[in-house]
Structure formats: structure tokens, C-alpha cells
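Chemist: Structure incoming, see below.
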Amino acid sequence: MTLSPYDLAYYRHVGHVTVPGVFEAATTDAVVHDIEAWGTEFLAELPPDQRAWYVDGGVKARDVLRKLDNPHHHRDSVRALARMPMLVAMVESLIGPGVSVCFSQIFFKAPEGGGPKPAHQDNFYFGPNDPEGVVTAWIALDDATLENGCLYFGDGSHRGPVYAHVAPPGEPFNLQLPASVLDKQPMSPAPVMSGGVSFHHGNVFHQSGPNHSTRWRRACALHYVNAHTRFDHPALPYDAALKQRIS
Ligand SMILES: O=C(O)CCC(=O)C(=O)O
């Protein structure tokens, strides 16, 4: 399976494309098992001053993680996802050969309260030298639906500039597009079943809703760059030593 000419044209036009059935259930199940074990250890050792960054404030009944950073560095199961030949071929068809993972994230979005991710552009966070050289492969580890907080995209917004983002007081990690910019951009949902991958351009506006369902919405985002792209002026610190060459 590769991206079809239609997929590529769609991506160029709207800034994202969703491909169902890239990973088998056995693979996503094994990754879920692994990140759950990692998450339990991580939460048990989390220093109080880092709770706001990692713990989901929307779930009141218990402590659950909102996210984990750089699973491609910490976990073999995710390193294998990032190197899966079919995925890598798709990434190369979008940004060109010689790709690396610069950063990666697990988004947990727990049932009954997992919080929303406000609209943003990845390229404001990453500050790449070439905005065309960044693509995120967002791998659904559970079915992502309207009810449990699938992604939403601003179709065509990747063809515009990267806007200055704002962060709520005390949440420097929660950079988001200002309402004055978002007001002009409709956002459309992109539900995807477990094992599917949503590829998004670094400039495209995207967000996800809260999870008010009884089902998890876990996902793994792999942020790839091509051979000539670096994070030159990042808004948050990214450890260049964790960049992993893939092809
Ligand atoms: O999974 C989410 O809720 C947010 C994902 C995201 O912002 C990203 O992959 O860049």
C-alpha cells in the first residue's frame, strides 16, 4: 500500500490525508500494552512540578496522563512503528527522501474527561527552516471518533502563514492559535479507525475535542522531517540528540 496520486493531490490541496488500515490490530495492541506500562511507571515517578505538563486536568476521578514525549526514543515498540517500511514510503512520498523522526508523542485522551487539544500549527512549535519539510504521521491506536475526540483540520490552512500562538497562564506547553485567526477558519473532523494514519502538514491548523465517551482515544504522533529540514527556531525545547534517522 502506498499513497495514491489522489491521496497526494488531496494532501497538497487541504494539508492532510487519512489512510485507513496501515497497521494491524496485533501491532497497535502491542504498542498500547507497552505505552500503558511505560505510562504507569512514568506517573509513579513524575515530579510535582511536571504534573501540569503531563497529567490530564480534565479527568477528576483519578490521575491519568495526557501525553508522553519521545516514545520513538524510549520504547522499542514505537521505534518499530517509525521504521515500518510502508509508513516510511508514505512519509517519503510527502516530504522527500532521507527522513528522520525529530520528535514524537503519545496522546492518551482518557475516557470520561480526557481534555481537548486546542487548535495549533505544529510548525509554530517546531520552527523549521523549511515548513514544507515537516509531516506528522498520527497513528490511531484506538478508533478516533467524534465522541472520543478525533482530530479536526482547517482544510487549506497549510497554504497560509505560520501565525504567532498564545498560551494560557501557567500552561506554556499549551500554545494555540488566537481566536482572531481561528474565527476565519472552519475546522472539519477526521475520524479514523485504529491502525489508520492521519498525515498532516506542519502548517495545517488542527485540534482535537474532549473525550466524553467511555472509550480511550490513544494515538502516537511521529513528527518526521526530510533530509534538509531542522528545527531552527522552536517555541519549546526539543532535544536534537533524540533525532533518529529513519531512511
Ligand atoms: O492527538 C491529539 O489530540 C493532538 C495531536 C496533535 O496535535 C499532533 O499530532 O500534532
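The values are calculated or read from the model by the stated rules, or taken from the named source; none is laboratory data. As the structure is a computational prediction, the values presented were derived from the model and not from experiment. A quick note on method: Cβ atoms are made from the backbone with ideal geometry, for glycine too, and the neighbour counts reach across all protein chains shown. These accessible areas exclude ligands, DNA and RNA; they are computed on the full protein's heavy atoms, side chains included. Shrake-Rupley method; radii C 1.70, N 1.55, O 1.52, S 1.80 Å.
Chemist: Anything in region 142-159 that is buried (at least 24 other Cβ atoms within 10 Å of the Cβ) and within 12 Å of the chain's Cα centre (by Cα)? List them, or say none.
Modeler: If the condition is that a residue be buried (at least 24 other Cβ atoms within 10 Å of the Cβ) and within 12 Å of the chain's Cα centre (by Cα), then LEU151 is the only one that fits.
Chemist: In the list VAL32, VAL55, which residue meets the criterion of being more than 17 Å from ALA219 (Cβ to Cβ) and either under 18 Å from the mean Cα position of the chain (by Cα) or basic (Lys, Arg) (or both)?
Modeler: Answer to the check: VAL55.
Chemist: Looking at VAL17, VAL22, VAL55, which is the one that is of a type in the set (A, V, I, L, M), touching a strand residue (DSSP E or B) at 6+ places or on another chain (Cβ under 8 Å), surrounded by 13 or more Cβ atoms within 10 Å (Cβ to Cβ) and free of Cβ contacts under 8 Å to residues at least 40 places away in the same chain? Outline the logic, then answer.
Modeler: On the way: VAL17 fails: free of Cβ contacts under 8 Å to residues at least 40 places away in the same chain; VAL22 fails: free of Cβ contacts under 8 Å to residues at least 40 places away in the same chain.
Going through VAL17, VAL22, VAL55 in turn, the sole match is VAL55.
Chemist: Since ASN211 meets every condition but one in (1) open to solvent by 10 Å² or more (accessible area, probe 1.4 Å); (2) over 14 Å from the mean Cα position of the chain (by Cα), which condition does it not meet?
Modeler: Going through (1) open to solvent by 10 Å² or more (accessible area, probe 1.4 Å); (2) over 14 Å from the mean Cα position of the chain (by Cα) one by one, ASN211 breaks only (1).
Chemist: Select from region 214-237 the residues that are more than 12 Å from GLY127 (Cβ to Cβ) and away from the ligand (no atom under 16 Å from the Cβ) and list them in ascending order.
Modeler: Within region 214-237, THR214, ASN226, ALA227, HIS228 meet the criteria.
Chemist: Test HIS201 against the stated conditions and say whether it is farther than 26 Å from VAL59 by Cβ and within 15 Å of the ligand (Cβ to nearest atom).
Modeler: yes
Chemist: Something else about it: Take the conditions of a type in the set (Ser, Thr, Tyr) and more than 14 Å from the chain's Cα centre (by Cα) and apply them to SER194. Does it pass?
Modeler: So SER194 passes the test.
Chemist: Provide a single number: the residues in region 108-159 that are in contact with a helix residue (DSSP H, G or I) (Cβ under 7 Å, 6 or more places away or on another chain), away from the ligand (no atom under 14 Å from the Cβ) and part of a loop (DSSP other than H, G, I, E, B).
Modeler: 2
Chemist: While we're looking at this one, here's another question. For region 160-183, does any single residue satisfy the condition of being closer than 29 Å to GLU36 by Cα, modelled with pLDDT of 95 or more and buried (at least 24 other Cβ atoms within 10 Å of the Cβ)?
Modeler: No, there is no match, as no residue in region 160-183 is closer than 29 Å to GLU36 by Cα, modelled with pLDDT of 95 or more and buried (at least 24 other Cβ atoms within 10 Å of the Cβ).
Chemist: Turning to a different aspect of this structure: Can you find a residue that is farther than 19 Å from TYR125 by Cα, open to solvent by less than 60 Å² (accessible area, probe 1.4 Å) and touching a Gly at 6+ places or on another chain (Cβ under 7 Å) anywhere in region 192-207?
Modeler: Yes, there is a match, as at least one residue in region 192-207 is farther than 19 Å from TYR125 by Cα, open to solvent by less than 60 Å² (accessible area, probe 1.4 Å) and touching a Gly at 6+ places or on another chain (Cβ under 7 Å).
Chemist: Among residues belonging to region 58-89 that are of a type in the set (Lys, Arg) and open to solvent by 40 Å² or more (accessible area, probe 1.4 Å), point out the one that is farthest from PRO169 (Cα to Cα). Full working, then the answer.
Modeler: Here is the first cut: in region 58-89, the residues of a type in the set (Lys, Arg) are 60, 62, 66-67, 75, 79, 83.
Filter again for open to solvent by 40 Å² or more (accessible area, probe 1.4 Å), leaving 60, 62, 66, 75, 79, 83.
Working: LYS60: 21, ARG62: 24, ARG66: 18, ARG75: 32, ARG79: 34, ARG83: 38 Å.
That would be ARG83.
Chemist: If we scan region 90-111, do we find a residue that is over 30 Å from PRO178 (Cβ atoms), out of contact with any strand residue (DSSP E or B) (no Cβ under 9 Å at 6 or more places or on another chain), open to solvent by 40 Å² or more (accessible area, probe 1.4 Å) and of a type in the set (S, T, N, Q)?
Modeler: Checking region 90-111: at least one residue is over 30 Å from PRO178 (Cβ atoms), out of contact with any strand residue (DSSP E or B) (no Cβ under 9 Å at 6 or more places or on another chain), open to solvent by 40 Å² or more (accessible area, probe 1.4 Å) and of a type in the set (S, T, N, Q).
Chemist: Are there any pairs, at least 6 apart or on different chains, whose C-beta atoms fall under 7 Å, with the first in region 182-198 and part of a strand (DSSP E or B) and the second open to solvent by 10 Å² or more (accessible area, probe 1.4 Å) and of a type in the set (Asp, Glu), and if so, which?
Modeler: Hits for this filter: SER188/ASP155.
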